[in-house]
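First the structure, in the form of structure tokens, and then the observations on it.
The values are calculated or read from the model by the stated rules, or taken from the named source; none is laboratory data. Everything numeric in this text was worked out from a predicted model, so none of it was measured. Every residue, glycine as well, gets a Cβ built from its backbone with ideal geometry; the counts of neighbours run over all protein chains shown. Ligands, DNA and RNA are stripped out before the accessible areas are found, and what is left, the full protein with its side chains, is counted by its heavy atoms. Shrake-Rupley method; radii C 1.70, N 1.55, O 1.52, S 1.80 Å.
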Amino acid sequence: MLERKQAPEFKAIDHIKLLQPEHTKLSNGCNIYCLNSGDAELVRIEWIFGNLRFDPAKPLLNAAVNSMLTDGTKTMNAAQIADAIDFYGAFLQAEYGYDNSEVTLFSLNKHLASTLPIVKDIFTNAIFPEKELETYVRNQQQKLQVSLQKNDVVARRNFNKAIFGDTIYGFAAGADDYKTLKRDDLLLHYQQMYQPSNCTIIIAGKIEKETLDLLISTFDKGWDNTDKAIDTTQPPVTPAAEHFYLTEKPDALQSAIRMGMPLINRTHHDFPSVQVLNTVLGGYFGSRLMANIREDKGYTYGIGSGMSSLKHAGTLFIATEVGAEVCKAAVTEIEKEINILKKELIPEDELALVKNYLLGSLLGSLENVFSHADKFKTLHFAGLGYEYYDRYTEVIKTINADELLKLANQYLDFNKFYKVIVGKY
């Protein structure tokens, strides 16, 4: 009989095994990675393209082209594409990221022969209709107008601009920027970017030989590279000289705070160690920032810190919204918590809790084959191998308070933080 008065036995996480993909390269230069697992007759296929070099004169092309891929081809309009995908119970979406843009298809295996040609048509015959472009511009301007009423959105935009400067990471679109979008520019950008040699396909799910053969036959022939040059390099990141930014809103009831500094990204040897340090500071609900500023002071409903790892940059950031009258006090408390990490050793019981949280989070994030594919994607586009997660788990298990104290003094300097306030200060 189950003894409900006794807690389950605690078991430490020793090793986490990740599914590893099989690799196929098509004759047109497109790479396919397959992660085969599960019993459901379902696959997720991602077509991932490196974004073209950021052009300050035409800053919205990467985002606009990706968003409008499904708005019409030479053979189907937007409604027909949506109806065809829905008819087969599939799901298709385009997502834009700073470094890469991708198109994702969820489909039953038995319907791939019908759904894959639709995706191929999008990559070879998209036309970006003028009417759809006008609708896109109008909708984005309206969304922007609403977003700019939110203090946290303005704070994030100002912070990114200060940290990343005139790059794809730092750009914050204004309403007039959408007016610069021209159909001819979108078509040229599309022809340059959406080529097979700039594409990585990741397929995850139940993958039988017939499934892979169908994917290969669909995208190996009839999808050719053009003579349009592919330039996925990006301008160097140059942070601003000014470190404090205040956008005053006299009637604000809350102030948004976003602060942080340029930091290492996932390719750096110290990244897993600094992740442990960040978790102690503000990376989970039991963190020091939450305990102080939410639980003790009652300044906010939530506060957190995070590490952003991008292809060409990395940051540490802290974000919260607090009562306008306590904004300065909240900033003082954030500084205090950072300085404590630089002066005092983290108690063993607190460090043990953080270690268990991080290892448990990693294990819990591997619930299905799609999660394993996400882990592979993170490694692949960072240029890392699976040994990264072996080292990650080993660092979490073995790092001690002395090492974290040294890391805090090496990487955390509040005087170098970029501090952005929107509201009252």
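Descriptive notes on the structure:
- Annotation: Leu19 carries an accessible surface of approximately 60 Å², with a 1.4 Å probe and no ligand, DNA or RNA atoms counted.
- The solvent-accessible area of Lys58, taken with every protein chain present and a 1.4 Å probe, is close to 80 Å².
- For q = 0.14, 0.18 Å⁻¹, Debye-computed log10 I/I(0) when each Cα of segment 85-214 counts as one equal scatterer: -0.87, -1.18
- For segment 355-425, the set of GluC sites (Glu not before Pro) satisfying both a DSSP loop assignment and a count of at most 13 other C-beta atoms within 10 Å is given as Glu367.
- Between Lys328 and Leu108, the contour length at 0.36 nm per residue exceeds the alpha carbon distance by 73.8 nm.
- Cα centroid separation - segment 199-277 against segment 358-425, whole Å: 15 Å
- All Cα-Cα distances of segment 1-114, cut into 5 Å bins from zero to the largest, leave 2, 8, 12, 14, 16, 14, 10, 6, 5, 5, 4, 2, 1, 0, 0 percent in each bin in turn.
- Extension gain from Asp270 to Arg53, taking 0.36 nm per residue of separation minus the Cα-Cα distance: 75.3 nm
- Computing FRET efficiency as 1/(1 + (r/R0)^6) for Thr180 and Asn31, where r is the C-beta to C-beta distance and R0 is 45 Å, gives about 0.85.
- Largest to smallest principal axis extent of the C-alpha atoms in segment 316-359, angstrom: 36, 23, 19
- Restraint check, Lys120/Lys221; Lys58/Lys120; Lys221/Lys377, Cα-Cα greater than 18 Å: Lys58/Lys120; Lys221/Lys377
- Computed from the Cβ-Cβ distance with R0 of 35 Å, the FRET efficiency linking Gln142 to Asp413 stands at 0.30.
- Rounded to two decimals, the Cα-based Rg/Rh of segment 348-387, with Kirkwood Rh, is 1.12.
- Formal net charge of residues neighbouring Ala204 (Cβ-Cβ distance under 15 Å; K, R +1; D, E -1): -4
- Net charge of Cβ neighbours under 13 Å - reference Leu384; Lys, Arg +1; Asp, Glu -1: +3
- Cα convex hull of segment 225-329, projected area averaged across orientations, nm²: 10.5 nm²
- Fully extending the segment from Phe91 to Phe381 would add 102.0 nm, taking 0.36 nm per residue of separation and subtracting the current Cα-Cα distance.
- Subset of Lys206/Lys355; Lys150/Lys424; Lys150/Lys182 violating a 23 Å alpha-carbon distance limit: Lys206/Lys355; Lys150/Lys182
- Area accessible to solvent at Lys342, 1.4 Å probe radius, in Å²: 50 Å²
- Short-range pairs are left out: with C-alpha atoms under 8 Å and at least six residues apart, the relative contact order of the chain is 22 percent.
- Segment 117-144-segment 20-65 distance, computed between alpha-carbon centres (Å): 19 Å
- DSSP H segments from the chain that extend 18 Å or more along their own axis, Cα-based, with Kyte-Doolittle mean of 0.5 or above: 112-125
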